[in-house]
Amino acid sequence: MHDLPCRENPETFHTNTQEAHATAKAACAGCPARLDCLSTALDNDERFGVWGGLDPDERWQLMHKDGTWIDRRGVVRQPCGTDTSLKRHRALKEQCDVCVQAHAERATASVRERLAKEHAKGGTFYGFSLHHQLGEDPCEACRAGQGAASDAGRKTRRARLGVAS
């Protein structure tokens with residue numbers, strides 16, 4: 001066991017660069033302890049270094065099929081495209097176009113759902129504002145709802161002020 005590649009050059013196996021990972025993986029390829037080493041890493045949830053010829057991401061993927069991954073700091077990250085991953089990216093001041101786009105699509109879908117409910121009521125002032133939030137011209141029903149709400153508001157204000165309608 002003294003001639004194992006990881007014993008001869010341990011820093012290569014625990015340096016977090018692509019070059020070091022490639023060198024370590026190549027050294028693992030012919031190692032007689034490769035499977036035992038990999039099994040130990042998986043059993044102990046090793047999050048750093050190359051063990052048994054696999055880096056942390058590859059070992060994680062063997063154990064988890066849900067799209068999660070491990071970053072360079074050993075932190076489990078959610079798959080991109082989720083709100084949880086977007087929050088993590090923002091906290092770490094990272095830009096992820098996949099997460100931003102997915103979040104925008106979910107937000108738009110949510111506004112569209114609310115707008116459909118307002119349309120089911122025959123169009124409303126709130127529907128009018130949702131159209132604007134989506135960057136589109138309001139439909140006739142929502143325009144009418146907005147007009148009715150404005151008229152009602154005017155009458156209420158006049159009544160409060162004691163002005164005749």
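The values are calculated or read from the model by the stated rules, or taken from the named source; none is laboratory data. Just so you know, these numbers come straight off a predicted model, no measurement behind them. Surface areas here come from the heavy atoms of the whole protein model, side chains and all, with no ligands, DNA or RNA. Shrake-Rupley method; radii C 1.70, N 1.55, O 1.52, S 1.80 Å.
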- Diagonalise the Cα gyration tensor of the range 38-118 and give the resulting equivalent ellipsoid semi-axes, square root of 5 times each eigenvalue, largest first, whole Å. 35, 13, 8
- C-alpha center-to-center spacing [the range 24-43, the range 86-119] in angstrom: 42
- Can you pull the Rg over Rh of the chain, Cα-only, Kirkwood? 1.40
- Note on the structure: Under 5 Å from the placed amide H of residue 70, counting only residues 5+ away or on other chains, we find 77
- Per-bin percent of Cα-Cα distances, the range 1-45 [10 Å]: 28, 57, 15
- Message: Please report, in whole Å³, the volume per residue of the convex hull around the C-alpha atoms of the range 92-165.
- Response: 128
- Message: Explain nothing, just the number: relative contact order of the chain, from Cα pairs under 8 Å at least 6 residues apart, as a whole percent.
- Response: 10
- Using the heavy atoms of the protein chains and a 1.4 angstrom probe, tell me the accessible area per residue for the range 1-152 in square angstrom. 64
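What share of Cα pairs, in percent, lie more than 16 angstrom apart in the range 1-81? Can you show the working numbers first?
On the way: 1580 of 3240 pairs.
Here the long-distance tail beyond 16 Å is 49 percent of all Cα pairs in the range 1-81.
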- Treating cross-link reach as a plain straight distance, find the lysines whose alpha-carbon is under 26 Å from the alpha-carbon of residue 25, omitting any fewer than eight places away in the same chain. 65
